[in-house]
Structures are given as C-alpha cells and as structure tokens.
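Data first, discussion second: the structure below is written as structure tokens.
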Amino acid sequence: MRIEEIEDSRRLELLINGVLDYAIYTIDLEGNIVSWNSGAERLKGYRKRDHWPPFPDLLHDEDQDQGLPQRALSIAATEGRFESEGWRIRKDGTRFWALTVLDATARL
C-alpha cells in the first residue's frame, strides 16, 4: 500500500469514527459484525472490548421471527442494498427505532 493510500485510509477512519449519531459497522456475509464506529458504540452500548452479537441479534424478536435478518442479508448480497425501519436492540435490552441500511457494494 502506498503512503497516500494509508493516509487516505486513516482520514476515512477518523471521519467515520467522528460520526456519533449513526451506527456504522461492517458485517461479513454470515452477519458477523467485524468493525464499527464510535456512533455504533454509543447507540448500541457495546464497546471495543465487548463481544458484539451477530447482526440478526441486534434486531427485535418479532423481526427475527419473521426472518428479517436473513432476508436483509440475502437482499443486500444479491441486490446490493437493503433498507428497513423498525425496532433495534441495545446491549442492555432497551429498544430504539432506527432506519437500517445494508449496503453490500463495497466488498473488501
């Protein structure tokens, strides 16, 4: 990697971590969360040292019962994007209303 690419990557990381009102995280194709920003920590209640649950466990029980997590991952993987509004779950079990967007266009 060139120095310019490293600098650009570091700037992007700083920008994303500076966003506090939005939970931004990357997930693998199985729904495991592999990285997240400071906003995700603040909104979800998990910290760097915590074990983050997989994406499906961050959704409300009713959404899980209706197969929303698997449908969301499948649609994002095949169509490139999935959007849904609904209840989401924090680490302490409290609920909050959120718009969830899965964007699969940037594959690492």
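The values are calculated or read from the model by the stated rules, or taken from the named source; none is laboratory data. Bear in mind the structure is a predicted one, so any value in this text is a computation, not a measurement. No Cβ is skipped: glycine too gets one built from the backbone with ideal geometry, and neighbour counts run over all protein chains shown.
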Next on the checklist: What are the pairs with Cβ atoms under 8 angstrom where one residue, in the range 33-57, is farther than 24 Å from R71 by Cα and the other, located anywhere, is surrounded by 19 or more Cβ atoms within 10 Å (Cβ to Cβ) and of a type in the set (D, E, K, R)? Sequence gap at least six, or different chains.
Outcome noted: R47/E41; K48/E41
Next on the checklist: Take A104 and tell me if it is in contact with a Phe, Trp or Tyr (Cβ under 7 Å, 6 or more places away or on another chain) and of a type in the set (A, V, I, L, M).
Outcome noted: no
Checklist entry - Pick from G93, G67: which is among the small types (G, A, S), modelled with pLDDT of 90 or more and farther than 19 Å from G39 by Cα? => result G67
Checklist entry - Do any helices (runs of 4 or more DSSP H) entirely within the range 1-91 hold 3 or more residues that are crowded, with 17+ Cβ neighbours inside 10 Å, and if so, which? => result 38-44, 68-79
Checklist entry - Among the residues of the range 43-63, which ones are among the charged types (D, E, K, R) and over 18 Å from W87 (Cβ atoms)? => result R47, K48, R49, D50
Checklist entry - Of the residues L29, L14, which single one is modelled with pLDDT under 85, over 13 Å from K91 (Cα atoms) and out of contact with any Gly (no Cβ under 9 Å at 6 or more places or on another chain)? => result L29
